[in-house]
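Encoded as structure tokens, the structure appears first; notes follow it.
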Amino acid sequence: MKTFNFLVLIFLLSVSCNIADRKNNSFTLIPSQSILSFPIDSTTSNISTGLVSFENYLINVNWKVNSLQFYGIQSQKLEKEIFFPYEGPQGVGALFGIQVKSLDSIFLYPQISNLITLTDFNGKINNRIEYKNPYIYTNAFVHNTYFLSPPLIRNNKLLVKTHIQGNYKAMTEEKLKISKMAYSIDLTNGNIELGKLNYPEGYLSKGLKHFEPSLVFQPDFTVFSLFGDHRVFKQNQDGTLEIFDGQSQFLDESLPLFPVAGERLDTQKYLTASSRYESLVYDPFREVYYRFAYPTLAIKTEEDLSLLRENPGPFVIQVFDNELKMLTESYFEGGIYFPNNSFITKEGLYISINNPENRNAHEDLFQFERIDLAELD
């Protein structure tokens, strides 16, 4: 009877939320209907520009006022806010992304400056790390919603994502395969090391594709995904590359190429409405990777694209185990969630329900529903 009730619950939730699960899998993703709600003030958008969960806090990066907001996950209220000046002795620049090693060790990253500021829960500036980004590469790119790639400290070196500078449309397979996705910054002296994290050979062999990666730095290796590739990759510290199948049944089998000769509308359709893979996220509590993906949408006008930027459509979440075997994938209809506003706690994966079409969305609340990874009997 217990097993029967559990299976009935899965069926009802699948129907009510329009989620299609992969067949013959022993796992599934289930919307729990358990909601976390946090009241927000007038300076805070109900769609965050950056979320980080750490211990009992959900930390929001508020670009409008250059602050960090600490919301208690248990209390579901704002418990502390730290405002940072842009300039001067305590200036940190314009906040772009953060990394939380501990409440005594919070790294602040600006968008364009080669300066990393180390602060704490009281907002005290404890250290500044200056570095020079390598030739043809950008400064450290740390953004807490876009193609997530959280930095990692390994042997007193900070591993960070970077971008290749130059004419995007002029990128070739020959150039890309010798290019790096990340480098390390020595925390004692700011020295840079490019390392061995190259783009995989063959990514542009059929033509130009958006080559944005999402990186998961682990102590002994890096797992990554690319915008226009079904596969998932594991790069070991010695430079060897392992490749794993990750093709989604909900995306086009042949992923599109960048419309080099197209108009602006064609480019925007490719970047925001074509079949693609975005953030790859590690869940240390369940020891799985979640990959967010988006199926192709029929877009005809600039207005359609504008609406899509404010209201993301359907999306897919894939789940991979520690061996990078796909456990399951689920399709989520549009109009309910805002998928790039998500975070992980020991309770599960939480995704914002403040989609503009969701009748339960609130302008004065952060709201997140827990999505459970359940094992079927």
Radius of gyration and Dmax for the stretch 37-135's Cα atoms, expressed in Å?
-> 13.5, 47
Subtracting the Cα-Cα distance of Gln249 and Tyr146 from 0.36 nm times their residue separation yields 34.7 nm
Straight distance only, please: which aspartates and glutamates reach the Cα of Lys300 with their own Cα at less than 12 Å, same-chain residues fewer than 8 apart left out?
-> Asp266
For the stretch 269-326, shape from the Cα gyration tensor axes a ≥ b ≥ c, cut at a/c of 1.5 then a/b versus b/c, turns out prolate
Just name one of Val316, Thr28, Phe227: the one whose Cα is farthest towards the positive end of the charge dipole of the chain (beta-carbon charges, Lys/Arg +1, Asp/Glu -1).
-> Phe227
Classified through the alpha carbon gyration tensor (a ≥ b ≥ c as square roots of its eigenvalues; rounded if a/c is under 1.5, else prolate when a/b is larger than b/c, else oblate), the stretch 288-377 comes out oblate
Farthest towards the positive end of the dipole of the stretch 175-294, among Ala182, Leu255, Gly207 and with Cβ unit charges of +1 on Lys and Arg and -1 on Asp and Glu, lies the Cα of Gly207
Charge sum, other residues only, whose C-beta stays under 12 Å from Val223's C-beta, Lys/Arg counted +1 and Asp/Glu -1 | -1
Calculated from the structure, volume of the Cα convex hull per residue in Å³ equals which of (1) 149; (2) 141; (3) 227?
-> (1)
Distance in nm between pseudo-label sites at Gln237 and Tyr135 (7 Å out along the Cβ direction from Cα) | 2.9 nm
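Compute the Kirkwood hydrodynamic radius of the stretch 123-197, taking the inverse of the mean of 1/r over all pairs of distinct Cα atoms, and give it in Å to one decimal. Can you show the working numbers first?
Values: mean 1/r = 0.0734 Å⁻¹.
13.6 Å is the Kirkwood radius here.
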Net charge near Arg370, counting Lys/Arg +1 and Asp/Glu -1 over other residues with Cβ under 12 Å of its Cβ?
-> -2
Among the lysines, which fall within straight-line cross-link reach of Lys180, defined as a Cα-Cα distance under 19 Å, with same-chain neighbours fewer than 8 residues apart omitted?
-> Lys132, Lys157, Lys161, Lys169, Lys196, Lys209, Lys234
Stretched fully, the stretch from Ile178 through Arg128 gains (0.36 nm per residue minus C-alpha distance, one decimal, in nm) 14.9 nm
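Values quoted throughout were computed directly from the atomic coordinates according to the rules given, and no laboratory measurement underlies them. Values in this document were obtained by computation on a predicted structure and should not be read as measured data. Heads up, the Cβs are rebuilt from the backbone with ideal geometry, glycines too, and the neighbour counts pull from every protein chain shown.
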